[in-house]
1. Any idea which of (1) of a type outside the set (A, V, I, L, M); (2) surrounded by 13 or more Cβ atoms within 10 Å (Cβ to Cβ); (3) touching a residue at least 24 places away in the same chain (Cβ under 8 Å) is the one Glu102 doesn't satisfy?
2. For the stretch 80-116, which residues satisfy the criterion of being over 26 Å from Glu137 (Cβ atoms) and touching a Pro at 6+ places or on another chain (Cβ under 6 Å)?
3. State yes or no: is Ala86 outside any loop (DSSP other than H, G, I, E, B), touching a Gly at 6+ places or on another chain (Cβ under 9 Å) and surrounded by 13 or more Cβ atoms within 10 Å (Cβ to Cβ)?
4. Which of the residues spanning the stretch 16-61 are under 22 Å from the mean Cα position of the chain (by Cα), surrounded by 12 or more Cβ atoms within 10 Å (Cβ to Cβ) and among the small types (Gly, Ala, Ser)?
5. Among Leu58, Leu37, which is in contact with a helix residue (DSSP H, G or I) (Cβ under 9 Å, 6 or more places away or on another chain), touching a residue at least 40 places away in the same chain (Cβ under 8 Å), assigned to a helix (DSSP H, G or I) and not aromatic (Phe, Trp, Tyr)?
6. Out of (1) of a type in the set (A, V, I, L, M, F, W, C); (2) closer than 25 Å to Ile127 by Cα; (3) surrounded by 10 or more Cβ atoms within 10 Å (Cβ to Cβ); (4) out of contact with any helix residue (DSSP H, G or I) (no Cβ under 8 Å at 6 or more places or on another chain), what's the single condition that is false for Ala64?
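Coordinate-derived values only; no laboratory data. Just so you know, these numbers come straight off a predicted model, no measurement behind them. Here Cβ is always computed from backbone atoms with ideal geometry, including for glycine, and neighbour counts include all displayed protein chains.
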Amino acid sequence: MSALLALYFVFAGVLAFTLLASGEALAVVMGAALLVLPLIGVWALVRELRFGVQSTRLADRLEAEGRMPDEPVATHPSGRAMREDAEAAFPRYRAEAEAEPEAWQSWLRLGIVYDACGDRRRARAAIREAIARERAERRAADGAREL
C-alpha cells in the first residue's frame, strides 16, 4: 500500500510541475495544490512508518523483558481478542500507567490492552506516550554517561 501511495505521489508531482509550467493562473494554482497535498501525504506516510518501527521495537523489548500483558483472553477465529475479556483486564493496566507514569513499559502495556479492546485512538495515544517516555529515558541515560 505504501508503494502504491509513493507511486501516486510521483504521478501527482509530475502533473503538478506540468501545471506549474503552463503559466496559466488557474493551472498554476492547481499545480501548487498538487505539490502541497503529496508533501502532506509523504509526511503522514513517514510518520506512520516511524510509529510502526518504534512501536514494534518497544514491543519486542517488552516481550524480551517478559512484561507483555499475560491475561488469558479468548480470541475470535481471526486471532483478535474478545472485547469483553480484554476490557476485564483493562483496569489493571490503566492503574499501572497511573502508578508509573514515567515508565514506558506501563504505557505500552496500556496501549496493547486498548488495542485489544478495539479502541484504536487511545491505543495509539498510549503507544505514542510510551515511545516518548522511552526516548526521554534513553536521553537521560545518554546524558548520565556523558557526565
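1. (2)
2. In the first step, residues of the stretch 80-116 are kept if they are over 26 Å from Glu137 (Cβ atoms); the result is 80-88.
Result: no residue meets the conditions.
3. Working: outside any loop (DSSP other than H, G, I, E, B): yes; touching a Gly at 6+ places or on another chain (Cβ under 9 Å): yes; surrounded by 13 or more Cβ atoms within 10 Å (Cβ to Cβ): yes.
Spelling it out, Ala86 is indeed outside any loop (DSSP other than H, G, I, E, B), touching a Gly at 6+ places or on another chain (Cβ under 9 Å) and surrounded by 13 or more Cβ atoms within 10 Å (Cβ to Cβ).
4. Across the stretch 16-61, the qualifying residues are Gly41, Ser55, Ala59.
5. Details: Leu37 fails: touching a residue at least 40 places away in the same chain (Cβ under 8 Å).
Being in contact with a helix residue (DSSP H, G or I) (Cβ under 9 Å, 6 or more places away or on another chain), touching a residue at least 40 places away in the same chain (Cβ under 8 Å), assigned to a helix (DSSP H, G or I) and not aromatic (Phe, Trp, Tyr) holds for just one of Leu58, Leu37, which is Leu58.
6. Exception for Ala64: condition (3).
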